[in-house]
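FYI, it's all coordinate maths here, none of it is from the lab. Here the structure is a predicted model, which means the values were calculated and not measured. Here the Cβ is made from the backbone with ideal geometry for all residues, glycine too, and neighbour counts use every protein chain on show.
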Amino acid sequence: MRVLLIGFGAMGGALLKGWVDTCEVAIVDPFKEDCAKTIDDLPADYYPDVAVIAVKPQILDQVMPAYAKFKHTLFISIAAGVSTQCFTKWLGDGIRLARVMPNLPVIVKEGACAYILNQYCTKSDKEVVEVLLKKVGIFEKLESEALFDAVTALSGSGPAYVYYLCECLEQAGVKLGLTPELAKKFARQTIIGSATTLKELPLEASQLRANVTSKGGTTEAALAVLMQNNSLQDLFFAALTAACNRSKELGAV
């Protein structure tokens with residue numbers, strides 16, 4: 001399968017790592033200094049089976065019109081917030097488009113990817129999208145394009161929330177007297193181990209939490225602070241709402 005990767009930032013590079021062994025991939029990204037290649041640098045007879053759009057939403061209106069010549073290519077967009085309607089405006093009516101929302105763990109083949117196909121996509125296009133996504137993690141087809149903003153807020157941006165949690169745990173450990181090296185090592189492994197139990201054990205997160213919370217113990221004391229008045233839950237809802245709203249704003253390009 002001949003894949004054209006348009007954009008070679010963090011997410012484009014992460015996806016490429018999962019695909020490079022099984023796809024013939026060409027890369028264009030005129031906005032990246034170490035990959036200063038544009039569509040004009042491709043061979044005159046080059047025609048991709050799939051074009052993956054991985055550039056920032058804010059510059060898509062500058063980039064996309066040049067790719068309208070690929071009339072029979074399946075386009076896959078991972079641009080946050082940018083609707084099918086926008087791509088139809090740039091690429092023309094009748095384009096085959098899949099919108100995908102991946103997240104950074106695709107770089108270690110543990111990503112969470114949501115996707116949807118437009119009305120012109122075929123059964124074969126669905127298979128192509130799922131083959132590519134299967135190589136980098138789990139995937140789910142959404143019932144409605146309107147759900148993309150929520151998915152973007154939860155899983156698209158979600159790794160950053162976990163990384164920030166790790167930072168907070170490290171800093172708290174240091175304040176309690178641990179060396180920075182030890183705090184970093186134990187904070188990271190705690191998150192890695194906890195994530196693995198979520199993946200491997202057939203239990204709800206709430207049950208796993210209950211299993212490590214002894215009555216009158218240290219975990220209960222900590223959770224009494226974290227869960228007081230649902231303040232942490234409310235904070236996460238406010239954070240995801242902000243991300244969801246920003247995704248909607250980006251869709252107005």
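Quick one: grab the alpha carbon gyration tensor of region 2-144, order the square roots of its eigenvalues as a ≥ b ≥ c, and give me rounded if a/c is under 1.5, else prolate or oblate depending on whether a/b is larger than b/c. Walk me through the numbers before you get to the answer.
Working: a/c = 1.39, a/b = 1.10, b/c = 1.27.
Rounded is the answer for region 2-144, as its axis ratio a/c remains below 1.5.
In a shell of Cβ-Cβ distance under 13 Å around residue 223, excluding residue 223 itself, what net charge do Lys and Arg (+1) and Asp and Glu (-1) give? All intermediate terms of the calculation are to be shown ahead of the outcome.
Working: positive: 209, 215; negative: 220.
Local charge sum for residue 223: +1.
Is the shape of region 96-164 rounded, prolate or oblate, going by the alpha carbon gyration tensor and its root eigenvalues a ≥ b ≥ c, with a/c under 1.5 for rounded and a/b larger than b/c for prolate?
On the way: a/c = 3.34, a/b = 1.51, b/c = 2.21.
Oblate shape, in that a/c is at least 1.5 and b/c is the bigger or equal ratio.
The stretch between residue 160 and residue 249, if pulled fully straight at 0.36 nm per residue, gains 30.0 nm over its current Cα-Cα span.
For the pairs 175/215; 109/215; 56/175, flag any whose C-alpha to C-alpha distance is greater than 32 Å. Could the numbers behind the result be given before it?
Working: 175/215 26 Å; 109/215 38 Å; 56/175 38 Å.
Flagged as over cut-off: 109/215; 56/175.
Computing FRET efficiency as 1/(1 + (r/R0)^6) for residue 40 and residue 143, where r is the C-beta to C-beta distance and R0 is 45 Å, gives about 0.70. Between residue 77 and 53, 98, 99, 100, the built amide H atoms are under 5 Å apart, and every one of these is 5 or more places off in sequence or on another chain.
Taking the chain as a Gaussian network of alpha-carbon nodes connected by springs under 10 Å, the highest mean-square fluctuation of the residues 187, 44, 26 belongs to 44. The label point for residue 31 and the one for residue 93, both projected 7 Å from the Cα toward the Cβ, are 3.0 nm apart. Here the Karplus curve 6.51 cos²θ - 1.76 cosθ + 1.60, taken at θ = phi - 60°, turns the phi angles of region 185-192 into couplings of 4, 6, 5, 5, 5, 5, 5, 4 Hz, with x standing for Gly and Pro.
Using alpha-carbon positions, what is the distance between the centroids of region 37-91 and region 188-225, in Å? Going from one Cα centre to the other spans 44 Å.
The charge dipole of region 158-249, taken about its Cα centre with unit charges on the Cβ of Lys, Arg, Asp and Glu (plus for the first two, minus for the last two), comes to roughly 80 debye.
In this rough spin-label picture, where each label sits 7 Å from Cα along the Cβ direction, the residue 21-residue 131 distance is 1.6 nm. Karplus-derived 3J(HN,Hα) values for region 38-47, using 6.51 cos²θ - 1.76 cosθ + 1.60 with θ = phi - 60°, are 10, 4, 5, 8, 6, x, 4, 9, 6, 8 Hz; glycine and proline are entered as x. Farthest towards the positive end of the charge dipole of region 2-144, among the residues 129, 47, 72, is the Cα of 129, using unit charges on the Cβ of Lys, Arg, Asp and Glu. Karplus-derived 3J(HN,Hα) values for region 171-183, using 6.51 cos²θ - 1.76 cosθ + 1.60 with θ = phi - 60°, are 5, 5, x, 5, 5, 8, x, 6, 6, x, 5, 5, 4 Hz; glycine and proline are entered as x.
Using only the Cα atoms of the chain, build the gyration tensor, take square roots of its eigenvalues as a ≥ b ≥ c, and label the shape rounded, prolate or oblate: rounded if a/c is under 1.5, else prolate if a/b is larger than b/c, else oblate. Before the final figure, lay out each step's value.
Numbers: a/c = 2.26, a/b = 2.03, b/c = 1.11.
Taking the square roots of the gyration eigenvalues as a ≥ b ≥ c, the chain is prolate.
Under 14 Å from the Cβ of residue 68, count the other residues' Cβ atoms, weight Lys and Arg +1, Asp and Glu -1, and hand me the total. Kindly include the intermediate steps, with their values, before the conclusion.
Values: positive: 69, 71, 89, 96; negative: 61, 93.
Computed value for this residue: +2.
For the peptides 74-86, 237-249, 53-65, the ranking by mean Cβ contacts within 10 Å, running from highest to lowest, is 74-86, 53-65, 237-249. Model label points for residue 58 and residue 2, set 7 angstrom from Cα along the Cα-to-Cβ axis, are 3.4 nm apart.
Helical content alone sets the calculated 222 nm signal of the chain at -13500 deg cm²/dmol, taking -39,500 (n - 2.57) per DSSP H segment of four or more residues and averaging over every residue.
Work through the residues other than residue 209 whose Cβ is under 15 Å from its Cβ and net out their charges, Lys, Arg +1 and Asp, Glu -1. Working shown, then result.
Values: positive: 215; negative: 204, 220.
Net of charged neighbours comes to -1.
With the cut-off at under 18 Å, measuring from each backbone N in region 90-109 to a point 7 Å along the Cα-to-Cβ line of residue 49 picks out 96-98. GNM on the chain, alpha-carbon springs under 10 angstrom: the most fluctuating residue among 118, 230, 103 is 230.
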